[in-house]
Amino acid sequence: MNINLEQLYTRLTEIVAVFGIKLLSALIILIAGMWIAKQIRGIVERVMGKSDNDPILISFVSNLVYIAAVTFVAIAALAQLGIQTTSFIAVLGAAGLAVGLALQGSLSNFASGVLMIIFRPFKVGDFIDAAGTMGVVKEIQIFSTILTTPDNKKVIVPNASITGGNITNFSAMPTRRLDLTFGIGYEDDIDKAKSLIEQVIAENNKILTDPAPTIGISELADSSVNFAVWIWVAGADYFDVMFYMNETVKKRFDAEGISIPFPQQDVYVKTFNNNN
């Protein structure tokens, strides 16, 4: 009995010693690996920061690298303990596939968000038209983009909807061309009307002289002679100048006796006398 206990004690001692060494090695791998993962994340953040990358992209890439490194360290620590990691990796792969299939829409938005952060079709503060929504970009997130409409509504647009269609960035260029149409009657003086439009343009210092404004007759319509007026303005002055031109030209035409035709119909009623 004493011999059996001594043998058991010896065996247990050997097992604890071997397992203790493995456990200690696993802890060393885990602690050292976590430290190295943090250092790698810091290096990635510093390198990308020097390249003037978007903060969202820096945070996303650095965290992705950190998670990948930690996963590798955890698998290495489990392998050191003698745990078979092959089946563990297979289970993780199967779980990842199942989650991917269940979250196809979210993954699509995620991929689109990464592409937008990398290629930057627009940035925060730009005025854009995308996915049927027009507004100022307030925030670009991984899964969605937040816009504020001109009437101050907050709209959250999925990123996949944005990258899946046309994106119009009104803020990408410093200047914009404002296209206006003014109609006058056929009996009105064309040269006088053109001169008045030129005066209205010259009186506003927000209208650029280079490129020069363009004024010309674009159409001889059913009831009016239409002037096409193309003027260039800074992007921020677009709507101010549009309101100014429409109001001032109307007032100037009224003051000078130039008519602005509008659709109308003349109805003639003819009566018949029925004599029996």
| note | By residue number, the members of segment 160-200 that are out of contact with any strand residue (DSSP E or B) (no Cβ under 6 Å at 6 or more places or on another chain), closer than 17 Å to Arg120 by Cβ and surrounded by 14 or more Cβ atoms within 10 Å (Cβ to Cβ) are Thr163, Ala172
| Matching strands (runs of 3 or more DSSP E) fully within segment 98-182 where at least 2 residues are among the charged types (D, E, K, R) and more than 30 Å from Ile215 (Cβ to Cβ) | 133-140
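Restricting attention to segment 206-224, report how many residues are hydrophobic (A, V, I, L, M, F, W, C) and not in a loop (DSSP other than H, G, I, E, B). Before the answer, list the steps.
Taking segment 206-224 first, the residues hydrophobic (A, V, I, L, M, F, W, C) are 207-208, 212, 215, 217, 220-221.
Then keep just the ones that are not in a loop (DSSP other than H, G, I, E, B); that gives 207, 215, 217, 220.
Total satisfying the criteria: 4.
When you scan segment 143-155, do you find a residue that is among the hydroxyl-bearing types (Ser, Thr, Tyr), more than 10 Å from the chain's Cα centre (by Cα) and either farther than 12 Å from Gly113 by Cα or not assigned by TED's automatic domain parsing to the domain that holds Ala236 (or both), even just one? If you could, list the steps in order and put the result at the bottom.
Narrowing segment 143-155 to residues among the hydroxyl-bearing types (Ser, Thr, Tyr): 144-145, 148-149.
Next cut, more than 10 Å from the chain's Cα centre (by Cα) only: 148-149.
Still in the list and also either farther than 12 Å from Gly113 by Cα or not assigned by TED's automatic domain parsing to the domain that holds Ala236 (or both): 148-149.
The answer is yes, given that some residue of segment 143-155 is among the hydroxyl-bearing types (Ser, Thr, Tyr), more than 10 Å from the chain's Cα centre (by Cα) and either farther than 12 Å from Gly113 by Cα or not assigned by TED's automatic domain parsing to the domain that holds Ala236 (or both).
Keeping to segment 127-143, report how many residues are without any contact (Cβ under 8 Å) to a residue 60 or more places away in the chain and either aliphatic (A, V, I, L, M) or surrounded by 19 or more Cβ atoms within 10 Å (Cβ to Cβ) (or both). Please lay out each step first, then the result.
Residues of segment 127-143 without any contact (Cβ under 8 Å) to a residue 60 or more places away in the chain: 128-139, 143.
Add one more test, that the residue is either aliphatic (A, V, I, L, M) or surrounded by 19 or more Cβ atoms within 10 Å (Cβ to Cβ) (or both), and what stays is 128, 130-131, 134-137.
Summing the residues that are without any contact (Cβ under 8 Å) to a residue 60 or more places away in the chain and either aliphatic (A, V, I, L, M) or surrounded by 19 or more Cβ atoms within 10 Å (Cβ to Cβ) (or both) in segment 127-143 gives 7.
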| said: Based on this model, can you work out whether Ile31 counts as under 30 Å from Val157 (Cβ atoms), at pLDDT 75 or above and surrounded by fewer than 13 Cβ atoms within 10 Å (Cβ to Cβ)? | reply: no
| task | Would you mind telling me which numbered condition in (1) surrounded by fewer than 16 Cβ atoms within 10 Å (Cβ to Cβ); (2) in contact (Cβ under 8 Å) with a residue 12 or more places away in the chain Asp151 fails? | result | (2)
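State yes or no: is Pro261 more than 32 Å from the chain's Cα centre (by Cα) and at pLDDT below 95?
Values: more than 32 Å from the chain's Cα centre (by Cα): yes; at pLDDT below 95: yes.
For Pro261, the condition - more than 32 Å from the chain's Cα centre (by Cα) and at pLDDT below 95 - is met.
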| query | Is there any pair linking a residue in segment 241-261 that is over 9 Å from Val200 (Cβ atoms) to one that is part of a loop (DSSP other than H, G, I, E, B) and of a type in the set (A, V, I, L, M, F, W, C), with Cβ under 9 Å and at least six apart or on different chains, and which? | reply | Lys250/Ile260; Phe253/Ile260; Asp254/Ile260; Pro261/Ala221
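The values are calculated or read from the model by the stated rules, or taken from the named source; none is laboratory data. Since we're looking at a predicted model, the values are computed, not measured. Cβ: placed from backbone, ideal geometry, glycine included. Neighbour counts: every protein chain shown.
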